[in-house]
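Visitor: Supplied in structure tokens, the structure appears directly below.
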Amino acid sequence: MIDIAVLSPATARGLIEALGAPVVLLDEQGIARALSPAMKALIPGLEAGKPLALLLRDPDLIEAIEQVSREGGREVIELVERVPVERTFRIFIAPFPGQGPRHATLLTFQDLSEQRVIERMRVDFVANASHELRTPLASLLGFVETLQGPARNDERARDRFLGIMREQGLRMARLVDDLLSLSRIEQRAHVAPDTPVDLVGISREIVDSLTLMAREREVTLKLALPTAPLTVAGDRDELLRLMENLAENAIKYGKRGGEVVITVCAQDNEACLCVRDDGPGIAPEHLPRLTERFYRVDTAASREAGGTGLGLAIVKHIVLRHRGRLTIESKPGEGAVFRAVLPRYEQRAAASER
Ligand code: ADP
């Protein structure tokens, strides 16, 4: 049994090393004497025998430790590390009983980095969504005012303006639909879909529904399908949406008069859905950001094509919900390949029986 009153240095070290939180015990000189594994993971260079100030050279932190060591009491400070990546910590500093006039100190770290990134994303998202809605809304209101004022009796202008207003209204409706789809998929992210859905049938449906759009851009749509059905554990509507978004993008951003090939094939225990175009492709610096909400390579081209900037974000969330993965390959000038790899239904069913 541990007697707290006569805690030996070895027991104190054992205690700290057993903690799940990132904790470090500094002696009166600020040298690390014991640290938990979570602390080592958080600041990899830190080890027993090293001064903390060597790794975290923040004057406020050093001053706060010095003060607690000198006078006791508790301090809480926030620390932002900028390199190698931005990280934010909240650090609780408390005195630890020692023998001399100065105190040893116990530092508990709370990593706020992820929380801060999420907060920033939420703020950016609201700003972006409002901006996307405000542009067509401003245009709509402008035309309403013109129709009420200078163009009141101009029949030709009225028809043209009403056409533009309809376009802007449809753009807003598409945006709201996409926002709602995204939020619905996200809400259900933790529940993997489990009904059998045949990717072959879905591909045929999508090709049928996009024939007109392909014809307008003089694009040849080709299907490379297995002879037998290929079933994944899925949500039919979401998978239709996934395929539609990828195929629509290939038609919209691929080459006018080019070719779009949709391939469905089995790969071991997985099913692969691949959409390839022979258009201008995407420069490498854009690839990692394509699935971010509202990220576009060319905003004007996207708007022109009726895009909301949410299509690939929706695709990514559908793939994640299906416990699959999405890869994008492209070289400028050589087209783009979007590949969704999903677990097959038989595999999922067998796993849930186990
Ligand atoms: P959007 O509504 O703008 O189409 P997406 O999220 O579907 O939004 O796509 C984001 C951006 O990725 C597009 O604006 C476009 O710049 C680029 N993109 C998507 N698919 C392709 C493709 N097949 N070829 C080239 N660029 C593409």
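The values are calculated or read from the model by the stated rules, or taken from the named source; none is laboratory data. Keep in mind that what you see is a predicted model, and the values were worked out from it rather than measured. With ideal geometry, Cβ positions are generated from the backbone for all residues, glycine too; neighbour counts draw on all protein chains shown. For the accessible areas, the whole protein counts, side chains as well, though only heavy atoms, and no ligand, DNA or RNA atoms are used. Shrake-Rupley method; radii C 1.70, N 1.55, O 1.52, S 1.80 Å.
Visitor: What is the percent carbon and sulfur in the accessible area of the stretch 1-160, measuring with a 1.4 Å probe over the protein chains and ignoring ligands? Write out the running numbers ahead of the final one.
Guide: Values: 5830 of 10290 Å².
That fraction is 57 percent.
Visitor: Can you give the Kirkwood hydrodynamic radius for the chain, in Å, rounded to one decimal and based on Cα pairs?
Guide: Details: mean 1/r = 0.0397 Å⁻¹.
So the Kirkwood estimate lands at 25.2 Å.
Visitor: Right, here's the next one. For the chain, what is the mean residue ellipticity at 222 nm derived from helices alone (per DSSP H run of n ≥ 4: -39500 (n - 2.57); sum divided by total residues; nearest 500 deg cm²/dmol)? Intermediate values should be presented prior to the final figure.
Guide: Details: 10 runs with 160 residues, N = 354.
That comes out to -15000 deg cm²/dmol.
Visitor: Another question, if that's okay. In the stretch 73-125, which GluC sites (Glu not before Pro) are in a loop and have at most 13 other Cβ atoms within 10 Å, using DSSP for the loop call?
Guide: Details: sites: Glu75, Glu78, Glu81, Glu86, Glu114, Glu119; in loops: Glu86.
Here the sparse-neighbourhood loop sites are Glu86.
Visitor: Please identify every one of the GluC sites (Glu not before Pro) in the stretch 216-249 that sits in a loop by DSSP and has no more than 12 other beta carbons within 10 Å of its own beta carbon.
Guide: Of the GluC sites (Glu not before Pro), the ones in loops of the stretch 216-249 whose Cβ has at most 12 other Cβ atoms within 10 Å are Glu218.
Visitor: Let me ask you something else. Please build a GNM for the chain, connecting alpha carbons under 10 Å apart, and tell me which residue among Arg296, Arg120, Arg321 fluctuates the most.
Guide: The residue with the greatest mean-square fluctuation here is Arg120.
Visitor: Let me ask you something else. Using just the Cα positions, wrap the stretch 12-92 in a convex hull and report its mean projected area in square nanometres, one decimal place. Numbers along the way, then the final one.
Guide: Numbers: hull surface 20.8 nm².
Taking a quarter of the hull surface, the average projection is 5.2 nm².
Visitor: From the backbone phi of the stretch 116-130, what are the Karplus-calculated ³J(HN,Hα) couplings (6.51 cos²θ - 1.76 cosθ + 1.60, θ = phi - 60°) in whole Hz, Gly and Pro given as x?
Guide: My calculation for the stretch 116-130 gives 5, 4, 5, 4, 5, 4, 5, 5, 4, 5, 4, 5, 5, 4, 5 Hz in order.
Visitor: Let me ask you something else. Return the Rg/Rh value of the stretch 113-187, two decimal places, where both radii are evaluated on C-alpha atoms and Rh is the Kirkwood radius.
Guide: So for the stretch 113-187, dividing Rg by the Kirkwood Rh gives 1.20.
Visitor: Still on this model: How much accessible area per residue does the chain have, in Å², with a 1.4 Å probe?
Guide: Numbers: 20110 Å² over 354 residues.
Using a 1.4 Å probe on heavy atoms only, each residue of the chain averages 57 Å².
Visitor: Filter the trypsin sites (Lys or Arg not before Pro) in the stretch 1-107 down to the DSSP loop ones having no more than 13 other Cβ atoms within 10 Å, then list what survives. Spell out each step's value before the answer.
Guide: Details: sites: Arg13, Arg33, Lys40, Arg57, Arg70, Arg74, Arg82, Arg87, Arg90, Arg102; in loops: Arg57, Arg74, Arg82, Arg102.
The qualifying sites are Arg57, Arg74, Arg82.
Visitor: Would you be so kind as to identify which of Asn269, Pro22, Ala94 lies farthest towards the positive end of the dipole of the chain, taking Lys and Arg as +1 and Asp and Glu as -1 on Cβ and the Cα centre as origin?
Guide: Most positive-ward Cα: Asn269.
Visitor: Suppose we keep just the DSSP beta bridges with both residues in the chain; what percent of those would be antiparallel, to 5? If you can, show how the numbers build up before the last one.
Guide: Values: 49 of 54 bridges.
Here the share of antiparallel DSSP bridges comes out near 90 percent.
Visitor: Can you send over the carbon and sulfur percentage of the accessible area for the stretch 191-354, probe radius 1.4 Å, protein chains only? If you can, show how the numbers build up before the last one.
Guide: Details: 3940 of 7970 Å².
Using a 1.4 Å probe with all protein chains present, the stretch 191-354 comes out at 49 percent carbon and sulfur.
Visitor: Could you let me know the centre-to-centre spacing of the stretch 245-275 and the stretch 118-146, using Cα atoms, in angstrom?
Guide: Between the Cα centre of the stretch 245-275 and that of the stretch 118-146, the gap is 32 Å.
Visitor: Across the chain, how many lysine pairs separated by 8 or more positions, or lying on different chains, have Cα atoms within less than 24 Å?
Guide: Close lysine pairs under the 24 Å cut-off: 10.
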